[in-house]
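Step one of this worksheet: look at the structure below.
The values are calculated or read from the model by the stated rules, or taken from the named source; none is laboratory data. Note that this is a predicted model, so its numbers are computed, not measured. In this analysis, Cβ positions are derived from the backbone assuming ideal geometry, glycine residues included, and neighbour counts consider all displayed protein chains. Areas reflect the complete protein model, heavy atoms only, side chains present, ligands, DNA and RNA absent. Shrake-Rupley method; radii C 1.70, N 1.55, O 1.52, S 1.80 Å.
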Amino acid sequence: MKKLLASLLIAAMSCTLLTGCGSGKGSASAGGTKLFLSYTTDDFRQAFADAASAEAQAQGVTLTLSPNDATVEEQVASIKKAVADGATAILCIPANASTAQELEVAANGVPIIFCNSKPDEDYMKADKYIYVGSSEEQAGQFQAERLIANNPGKTSFDIVMFKGQKNHSGAVGRENGFKNTMKDNGIQVNYVFDDYADWSDTIAAEKFEYFLKTGQHYDAVVCHNDTMAVGVATYMKNHGIDTSAIPVFGVDATADGIAALEDGRLAFTVYQSAKGQGSAAVLAGIALSKGQSVKDIEGVDSTNTYIYVPFEPVDKSNAANYK
């Protein structure tokens, strides 16, 4: 009997330490950490979610995914439910970063790690409401620097630019990074077409077709993500437009983007590490769940509010490294 009781006790202790064993409200993973991720899917965000899941598993903590939160209302409802179910930290790729305050109210005091779309700094708080992402200006800077480097001596360009979602921090940062870098290098730019395509390949291709009807000259197409870039570049290829003469630039180094680099549709992209961001977000969630600081997480700034994962330039020569 004593051996049986000892065996049962060991099993119970192991269950608690490893998985939290149990289901339903109040169940928890190792250390009482229970994370929740609210997002809506696209190629990059799903890669982020996959990376976050892998990191959570490696750390022995629970991460619940809510991948269909496409609106603010859906995110608020999901976050409220997650908090009621015992979430200790919320990971959130906001549908609209301007609604950060609503999301914080929904979290009811539970820490939030905003990811990939940065809210206004007024809604951020050290070691409470923090941000994990990449410095978006750097992506636009890399695009501009590569365009300049590939065209030595050229001092003016006619540019088609497809931006992401209006007011999205990624769209704002990438636009500013590109435009400011061109200006700082004394390059004159005429933006012959400059519009939002909501990160969509089909919208970008449709608007590009509309632009072509204007008959205007253009030297390059600059897109805020690979999905739009691949949409435009594929349209160009299918309609006999030489992408080696008129290069297309993207951001994210997604699988489709890398394939387009290798077959010549894209000239350049910028790797945004979904893996790095997803991993950092989970590590931050664990720290904040325990009431600890994020000060020791790689990439954190001096305020313990922003964790930045660096961008990396990618072209055909190093594309294979990002598969």
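Before moving on, here are some points about what is shown:
- Max mean-square fluctuation residue, GNM over the chain, Cα-Cα springs under 10 Å, options 173, 291, 140: 291
- Our estimate of slack between residue 216 and residue 156, defined as 0.36 nm per intervening residue step minus the Cα-Cα distance, is 20.1 nm.
- For the chain, share of DSSP beta bridges that run antiparallel, in % to the nearest 5: 15 percent
- For the stretch 178-213, trypsin sites (Lys or Arg not before Pro) are listed when DSSP marks them as loop and at most 10 other Cβ atoms sit within 10 Å of their Cβ; the list is 213.
- DSSP-defined beta bridges in the stretch 31-171 - what % are antiparallel, rounded to 5: 10 percent
- Within the stretch 104-215, percent of DSSP bridges classed antiparallel, to nearest 5: 10 percent
- Listed residues 232, 105, 61, most fluctuating in the chain (Gaussian network, C-alpha, under 10 Å): 105
- Sparsely packed loop sites in the stretch 204-307 (the GluC sites (Glu not before Pro) outside DSSP H, G, I, E and B with at most 15 other Cβ atoms within 10 Å) comprise 298.
- C-alpha center-to-center spacing [the stretch 196-273, the stretch 90-152] in angstrom: 24 Å
- Listed residues 104, 121, 55, most fluctuating in the chain (Gaussian network, C-alpha, under 10 Å): 121
- Shape of the chain, Cα gyration tensor, a/c cut at 1.5: prolate
- Amide H within-cut-off set for residue 268, under 5 Å, with H built and near neighbours excluded: 248, 250
- Sequence-distant residues sharing a close amide H with residue 306 (under 5 Å, placed H): 131, 301
- Taking θ as phi - 60° and the Karplus parameters 6.51, -1.76 and 1.60, the scalar couplings of the stretch 311-323 work out to 7, 9, x, 9, 9, 4, 5, 10, 4, 4, 6, 10, 6 Hz in sequence order, x denoting glycine and proline.
- Element breakdown for the chain at a 1.4 angstrom probe: carbon and sulfur atoms account for 50% of the accessible area.
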